[in-house]
Amino acid sequence: MFFSKLLLAACVASLSLCAGAATVTYKVDPEHTYPSFEADHLVGLSTWRGKFNHTSGTITLDKAGGTGNVEIVVDMASADFGHDVLNKAMQGMEMFEAGKYPRAIYRGRLADFVDGRPTQVVGELTLHGITRPLTLEIDAFKCMPHPVFKREVCGADALATFKRDEFGMTAGKDYGFSMDVALRIQVEAIQVQAAPAD
């Protein structure tokens, strides 16, 4: 009986070690990661589109275990509508208030794995000083050896829709503007190099 319990404990410990070893950490590549957005202008007259030019973050992934976590940090002052005057206006009281709320942060867990690939991120978006639940649907996900860095790189295209007035950004609401914002996060992340053994 004693030896059976000892064997069981050893097996559990071995499985735990294997599970830990399967988790890989990736650093978001800011040169290939550009969250973008779409929002209504003048009650359907046109759609304004923009992107954020400066993004950082970390992703962990255990393909075999079907788990992982995501953290994406966005520099709000890097919002780019392709129009300098509009860019400046959006940083102020009318919308982002980037001086007061310099970062937006999305944190979530990878979920609903199919063949080792996540199909959702279930998490929370902190924007304009307000945190609310937001689930991203993953349209595309792929990992492969990076041809230059010789480490694994993973990429994804994820999207969600949220209402900006729920984050305290109500510009145009009195005129009937739709508060819906389509958010798409295009991300690439490179495996973190293991520290050399002592």
Criterion violated by Asp115 - all others in (1) out of contact with any Leu (no Cβ under 9 Å at 6 or more places or on another chain); (2) within 18 Å of Ser36 (Cα to Cα) satisfied: (2)
Qualifying residue in segment 40-61 (condition: open to solvent by 70 Å² or more (accessible area, probe 1.4 Å) and under 16 Å from the mean Cα position of the chain (by Cα)): yes
Qualifying position, being within 21 Å of Asp40 (Cα to Cα), loosely packed, with under 13 Cβ neighbours inside 10 Å and among the aliphatic types (A, V, I, L, M), among Val148, Val85, Val114: Val85
Out of Gly57, Gly116, sole residue that is on the phi > 0 side of the Ramachandran plot, of a type outside the set (D, E, K, R) and modelled with pLDDT under 95: Gly116
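Give the residue that is farthest from Met169 (Cα to Cα), with candidates limited to residues of segment 62-82 that are part of a helix (DSSP H, G or I) and open to solvent by less than 40 Å² (accessible area, probe 1.4 Å).
Filtering first and then ranking leaves Ser78.
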Number of the condition not met by Glu94 [criteria: (1) at pLDDT 95 or above; (2) open to solvent by 50 Å² or more (accessible area, probe 1.4 Å); (3) over 13 Å from the mean Cα position of the chain (by Cα)]: (1)
Any hit, segment 144-154, residues being at pLDDT 95 or above and either in contact with a helix residue (DSSP H, G or I) (Cβ under 7 Å, 6 or more places away or on another chain) or among the polar types (S, T, N, Q) (or both): no
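The values are calculated or read from the model by the stated rules, or taken from the named source; none is laboratory data. Quantities reported herein were computed from a predicted structural model and do not represent experimental measurements. Methodologically, a virtual Cβ is constructed for each residue, glycine included, from the backbone with ideal geometry; neighbour enumeration extends over all protein chains shown. To get the accessible areas, we keep the full protein, side chains included, count just its heavy atoms, and leave off ligands, DNA and RNA. Shrake-Rupley method; radii C 1.70, N 1.55, O 1.52, S 1.80 Å.
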